[in-house]
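Student: Provided herewith is a single structure, encoded as C-alpha cells, for subsequent inquiry.
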Amino acid sequence: MACLTWSFIVLVVVIAIAIFVSKLKRDHIETAVSQTISPSPTFIKSMQDIGEWEFLSITDEELVDTMRNGVFSNDELVRIYYGTLRLGVNMHKTTPGWLTVSNDTLNARLPRIELLDNNFIDEGRTQSFYESGSWSDSDRASLYKRAYNMMRKRCLTSVNIKSAELSCTEQFTKIFKALGYENVIITYEE
C-alpha cells in the first residue's frame, strides 16, 4: 500500500510539472535581435555630412632664401616658413553606392587620400631669419611659393599617403565593427 501511495504522489508531481512546463511554453515569446545596423540612406548621408576626416597631420618648416647681386653689395633675404599639412578623405567626394552590404560583409569605397587644406602655411609664424637690402611684396610672395612647393614635395610622399590610408582603414573598420559588421572591406578610389 505504501508503494502505491508513493507511486501516486510521484505521478501527481510529474503531471503537475508537465502542466507547469506546458503553461510556460504557451506564455513564452521568443525574440531575436539583429546585431548589425543596416546602412540606411540616413546613415549614409550622416557619414557624408561629416565632410573631411583627417588621418595624418605633418608639421614642417622650410628655410628659403634668395640673393640679389648688387654693384657694391649683395642683398639677401632668408625666411623660415612653418606649416601643417593634413591628409585625409573628403566624404563629400564619395560616389553613389560607396557603401554596400553583401551577406555579412560591408564594402566601403572611400575617396582617395588627399591634402585637405591647401592653405597650410602658418603666415603668423613665418619669420625673416636674415634680411639685407630692400625687398618687395612680390619677392616675398616668390619665397612663399617656393616654401609652399618645398613643403608639398617633402610631405606629400607615397609613404605618408599610405600611412594616412592605413589609419583611415583602421578607423573606419572600427566604426563599422562597432555597428555590428564582422567583415569590413575598405577600398579607395583611384
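Student: Picking from Asn119, Asn160, which residue would you name as being among the polar types (S, T, N, Q) and touching a residue at least 24 places away in the same chain (Cβ under 8 Å)?
Tutor: Asn160
Student: A follow-up question, please. Of the residues Leu85, Leu63, only one is in contact with a Cys (Cβ under 6 Å, 6 or more places away or on another chain) and not β-branched (Val, Ile, Thr); which?
Tutor: Leu85
Student: Within the bounds of the range 70-88, is there any residue that is part of a strand (DSSP E or B), in contact with a Lys or Arg (Cβ under 6 Å, 6 or more places away or on another chain) and of a type in the set (D, E, K, R)?
Tutor: yes
Student: So how many residues does the range 89-109 have that are farther than 30 Å from Thr59 by Cα and in a strand (DSSP E or B)?
Tutor: Number satisfying all stated conditions: 7.
Student: While we're on this one: Within the range 152-166, can one find any residue that is within 30 Å of Gly70 (Cβ to Cβ) and not in a strand (DSSP E or B)?
Tutor: no
Student: Here's a follow-up. Just to check your reading of the model, which residue among Trp135, Trp98 is within 19 Å of the chain's Cα centre (by Cα) and not acidic (Asp, Glu)?
Tutor: Answer to the check: Trp98.
Yes/no per residue for (1) more than 21 Å from Asn90 (Cα to Cα); (2) surrounded by 13 or more Cβ atoms within 10 Å (Cβ to Cβ); (3) touching a Pro at 6+ places or on another chain (Cβ under 6 Å):
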position: Ala141; (1), (2), (3): yes, no, no
position: Ala147; (1), (2), (3): yes, yes, no
position: Ser158; (1), (2), (3): no, no, no
position: Ile161; (1), (2), (3): no, yes, no
position: Thr169; (1), (2), (3): no, yes, no
position: Lys174; (1), (2), (3): no, no, no
position: Leu179; (1), (2), (3): yes, yes, no
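Student: Taking the range 50-76 only, how many residues are of a type in the set (A, V, I, L, M, F, W, C), within 20 Å of Asn149 (Cβ to Cβ), touching a residue at least 24 places away in the same chain (Cβ under 8 Å) and exposed (fewer than 14 other Cβ atoms within 10 Å of the Cβ)?
Tutor: 1
Student: Can Ala141 be described as without any contact (Cβ under 8 Å) to a residue 24 or more places away in the chain and over 29 Å from Ile50 (Cα atoms)?
Tutor: yes
Student: Something else about it: If I go through the range 138-170 residue by residue, how many of them are modelled with pLDDT under 95 and among the polar types (S, T, N, Q)?
Tutor: Of the residues in the range 138-170, 2 are modelled with pLDDT under 95 and among the polar types (S, T, N, Q).
Student: (1) within 27 Å of Thr173 (Cβ to Cβ); (2) surrounded by 13 or more Cβ atoms within 10 Å (Cβ to Cβ): which one isn't true of Gly97, the others all being true?
Tutor: Of everything listed in (1) within 27 Å of Thr173 (Cβ to Cβ); (2) surrounded by 13 or more Cβ atoms within 10 Å (Cβ to Cβ), Gly97 misses just condition (2).
Student: Moving on to the next point. I'm trying to understand the selection: among the residues of the range 110-128, which are loosely packed, with under 12 Cβ neighbours inside 10 Å and in a strand (DSSP E or B)?
Tutor: Residue satisfying the conditions is Gln127 alone.
Student: If you take the residues in the range 77-94 that are in contact with a helix residue (DSSP H, G or I) (Cβ under 8 Å, 6 or more places away or on another chain) and either more than 30 Å from Val184 (Cβ to Cβ) or among the aliphatic types (A, V, I, L, M) (or both), which one is surrounded by the fewest Cβ atoms within 10 Å (Cβ to Cβ)?
Tutor: Result: Met91.
The values are calculated or read from the model by the stated rules, or taken from the named source; none is laboratory data. It should be emphasised that the depicted structure is a prediction, and the values quoted were computed from it without experimental measurement. Heads up, the Cβs are rebuilt from the backbone with ideal geometry, glycines too, and the neighbour counts pull from every protein chain shown.
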